[in-house]
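Before any comments, here is the structure.
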Amino acid sequence: VKACKNFKLTKHSGAYWKGDKENKVLQRIYGVCFETSEDLAKHLELLEEAKRRDHKKLGKELGLFMMSEYARS
């Protein structure tokens, strides 16, 4: 297996071992890897485009969402 040279770490987070805050915190590291740098760049551009088109973000920006006092959860 050849080592992947075209990678990008996308995010990280912490989690307590077995969900107990008395335990040590484990680090989660997320990333992507591609055979070519062009494929990696294309993937990252697709992710950026998806962020720009996110319906939750656009709905707030365009004032499409509303809350009614009559709608309760």
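Report the local net charge at Asp54: Lys and Arg +1, Asp and Glu -1, summed over other residues whose C-beta lies under 12 Å from its C-beta.
With Lys, Arg at +1 and Asp, Glu at -1, the net is +3.
Going by average Cβ neighbours within 10 Å, how do the peptides 3-11, 48-56 rank, with the highest at the top?
3-11, 48-56
Residue by residue through region 14-24, which ³J(HN,Hα) values in whole Hz follow from phi under the Karplus form 6.51 cos²θ - 1.76 cosθ + 1.60 (θ = phi - 60°), with glycine and proline marked x?
x, 8, 6, 4, 6, x, 9, 5, 7, 7, 5
Where a number appears in this text, it was derived from the coordinates with a stated rule and is not lab data. Because the structure is a prediction, the values reported are computed rather than measured. Counting neighbours? That spans all protein chains shown, and the Cβs are built from the backbone with ideal geometry, glycine included.
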